[in-house]
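The structure appears below as structure tokens.
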Amino acid sequence: MTDTRVGIVGAGPAGLLLSYLLHLQGIDAVVLEARSRSYVEQRVRAGVCEQPTVDLLREIGVGARMDAEGMPHHGLSLRFDGADHRINLTELAGRCITVYGQQEIVKDLIAAHEEKDLPIEFEVSDVALHDLDGETPRITYTDAAGNAQELRCGAIAGCDGFHGISRSSIPDGELTVYERHYPFAWLGILARTPPSHEELIYTHHERGFALHSMRSPEITRLYLQVDPNDPLEDWPDDRVWSELQQRLATRDGFSLREGPVLEKSITPMRSFVVEPMQYGRLFLAGDAAHIVPPTGAKGMNLAVADVRHLAHALKLLLRDGDPAPAAAYSETCLSRVWRAEHFSWFMTSMLHTDPDSDDFGRRLQLAQLRYTATSRAAATSLAENYAGLPFEGR
């Protein structure tokens, strides 16, 4: 049996950042991850960092490579009616976004853990949580060498994503689930070709939504709205590029660069929140507690906000003996979570073609897009939410 102050399940951005924030406050933690190190470092996920996320990574000393390789964007384009309508984030909100892949943040945080000799155990299995309603919860698991282990903690952080074991370890009846499924999915590709535009393009088109993004000056990330029941084999590369060309076309002859497809996947879209985000000494963070449609680029940034609050609350609970911030963790986080859920729903509803909608609904979408593109007040609201609302308090 091993003792630690905090046991963290999951070595994604939430778990790794929480571990490092706790270290900076003198709180020891152990991170447990089911996958291999190479898997988590190569897993392509989010790529848009809000300004508060960027500022926090710099503040704790893990932002050097992000500053060197990340791509600050001071605006984005809403593309509809065959033309671009730029939203100037910096002018309207006083802050911008930085395109820097989630997997790159994971690499930076793992490197920071190595430098400080902070424990991360990869390729663990049979993880189970025990005694969550007591003051000394336990995690049992099998380590990478096949040995049974037990970790006795002061608190457990469930940072293991939507499909992880943390949320399902909470007894039935303790959580309320709020959920919405959307009648479309995103087909995403990663292509070895320079981006065709200097900023992100969010496109509303009668054939369906499309997004032009990027991961580096040489790698482009592109998405298509598709039917969630479509098998991936129905979308060979030629069809994907043809559809992207049609949806991203403009009256002034926009040229989309094509290239070898490095990765392709289809992801259903949902909104999901559980309340509360805690049970006893188990605290949920990131996708373990909430999922947003990717249209608003909020998922990873919400996880960062969660663990920022959680690190402070756990320091006060475990080091200073003050239980109040930990007891209020869920309530504190959920205010930001629901704001992000609304914004993500708003962006999704405004930009996607709903197969169940009618001509009236489609006209309403265009009215909203035109208003957002021409009203400074509406554009400012989008910019403030997209670039990231300031962190609340601690």
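Read-outs throughout are calculated quantities, based only on the coordinates presented, and are distinct from any laboratory measurement. On a predicted model such as this, the values are computed, not experimentally measured, just so you know. Note that each Cβ is placed from the backbone with ideal geometry, even for glycine, and that neighbours are counted across all protein chains shown.
Arg152 to Val177: FRET efficiency via 1/(1 + (r/R0)^6), r the Cβ-Cβ distance, R0 22 Å, to the nearest 0.05? Spell out each step's value before the answer.
Details: r = 30 Å, r/R0 = 1.37.
The pair Arg152/Val177 has a calculated efficiency of 0.15.
Nearest 500 deg cm²/dmol is fine: what mean residue ellipticity at 222 nm does the chain get from its DSSP H runs of n ≥ 4 alone, each adding -39,500 (n - 2.57), divided by its residue count? Could the numbers behind the result be given before it?
On the way: 12 runs with 140 residues, N = 394.
So the calculated ellipticity at 222 nm is -11000 deg cm²/dmol.
Can you find, among Leu76, Tyr371, Phe391, the residue farthest towards the positive end of the dipole of the chain? Put +1 on the C-beta of Lys and Arg, -1 on that of Asp and Glu.
Tyr371
Roughly what would the spin-label model give for Gln368 and Trp338, points 7 Å off Cα along C-beta, in nm?
Modelled inter-label distance: 1.9 nm.
Which residue fluctuates the most in the chain, going by a Gaussian network model with Cα springs under 10 Å, if the choices are Leu282, Leu18, Leu317?
Highest fluctuation of the listed residues: Leu317.
Tell me which aspartates and glutamates have Cα within less than 13 Å of Lys315's Cα, excluding those fewer than 8 residues away on the same chain?
Asp28
Which FRET efficiency, nearest 0.05, do Glu41 and Ser357 yield, Cβ-Cβ r, R0 41 Å? Intermediate results must be reported in sequence, preceding the final value.
Numbers: r = 41 Å, r/R0 = 1.00.
Efficiency for this residue pair is about 0.50.
Which aspartates and glutamates does Lys107 reach when only Cα atoms under 16 Å apart count, and residues fewer than 8 places away in its own chain are ignored?
Leaving aside aspartates and glutamates fewer than 8 places away in the same chain, those within reach of Lys107 are Glu33, Glu41, Asp67, Glu69, Glu115, Asp117, Glu121.
Which distance in Å, rounded to a whole number, links the C-alpha centroids of region 343-380 and region 223-271?
When both Cα centres are located, 21 Å separates them.
Taking the chain as a Gaussian network, Cα atoms linked when under 10 Å apart, which of Arg138, Arg35, Arg215 shows the biggest mean-square fluctuation?
Of Arg138, Arg35, Arg215, the Gaussian network model singles out Arg35 as fluctuating most.
Can you tell me the 0 to 90 degree angle between the C-alpha axis of helix 329-351 and the longest principal axis of the chain, rounded to 10?
Rounded to the nearest ten degrees, it is 20.
Put +1 on the Cβ of each Lys and Arg and -1 on the Cβ of each Asp and Glu in the chain; which of Ala327, Thr250, Met300 then has its Cα farthest toward the positive end of the dipole?
In the chain, that residue is Thr250.
Give me P(r) over region 112-196, computed from all C-alpha to C-alpha distances, binned every 10 Å, as integer percentages.
Here the calculated profile for region 112-196 is 12, 31, 26, 21, 10, 1.
Please find, in a Gaussian network model of the chain (springs between Cα atoms separated by less than 10 Å), the residue of Asn301, Asn229, Asn147 whose mean-square fluctuation is greatest.
Residue with maximal mean-square fluctuation among Asn301, Asn229, Asn147: Asn147.
Calculate the dipole size of region 185-254 relative to its Cα centre from +1 charges on Lys and Arg beta carbons and -1 charges on Asp and Glu beta carbons; express the result in debye to the nearest 20. Don't skip to the answer; put the middle values down first.
Working: 7 positive and 12 negative charges, 39 e Å.
So the dipole magnitude of region 185-254 works out to roughly 180 debye.
Report the Rg/Rh value for the chain, based on alpha-carbon coordinates and the Kirkwood definition of Rh. Intermediate values should be presented prior to the final figure.
Working: Rg = 21.4 Å, Rh = 21.8 Å.
For the chain, the value is 0.98.
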